[in-house]
Amino acid sequence: MQVVYSRCCGLDVHKDSLTACVLVFDEQGRRRVRKKEFPAYWQQLQRLKLWLYANKVQHVAMESTGVYWKPVWSSRPGGKGGGNRALRRSTWLPFA
């Protein structure tokens, strides 16, 4: 299978928490997985963004039901909440 994104993150958004799973592929095609859970509060969303930046994530895909995705979406770079300048090069893809 061809690697399309060498550094990406999937977010699973729930009412009280977010689970982030970062996949990193090295030059040999080996996959490393990093998972972390964050409480669904604004300050923790800022920690999530810093964690994504520290992992050099380039693409983020988000899955959610209901309206729980809205605070996460607005906290992204370019969102209503302004986001983190360091993540402006990231692509955020919503999947509901």
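The values are calculated or read from the model by the stated rules, or taken from the named source; none is laboratory data. These numbers were taken from a predicted model, which means no experiment stands behind them. FYI the Cβ positions are ideal-geometry reconstructions off the backbone, even for glycines, and counts take in every protein chain you see.
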Review point. Condition test on Ser90, is it buried (at least 16 other Cβ atoms within 10 Å of the Cβ), modelled with pLDDT of 60 or more and of a type in the set (Ser, Thr, Tyr)?
Key: no
Check your understanding: Does region 25-39 contain any residue that is within 16 Å of Ser74 (Cα to Cα), surrounded by fewer than 13 Cβ atoms within 10 Å (Cβ to Cβ) and of a type outside the set (Ser, Thr, Tyr)?
Key -> no
Review point. Which condition number in (1) part of a strand (DSSP E or B); (2) at pLDDT 85 or above; (3) within 13 Å of the chain's Cα centre (by Cα) is the one that Leu45 fails?
Key: (1)
Revision key, fill the gap. Of the residues in region 55-72, those that are hydroxyl-bearing (Ser, Thr, Tyr) and part of a loop (DSSP other than H, G, I, E, B) come to Thr65, Tyr68
Review point. Within the set of pairs 6 or more residues apart or between chains, which connect a residue that is touching a residue at least 60 places away in the same chain (Cβ under 8 Å) and closer than 18 Å to Thr65 by Cα inside region 11-35 to a residue that is assigned to a strand (DSSP E or B) and β-branched (Val, Ile, Thr) with Cβ atoms less than 8 Å apart?
Key: Leu11/Thr19; Leu11/Val60
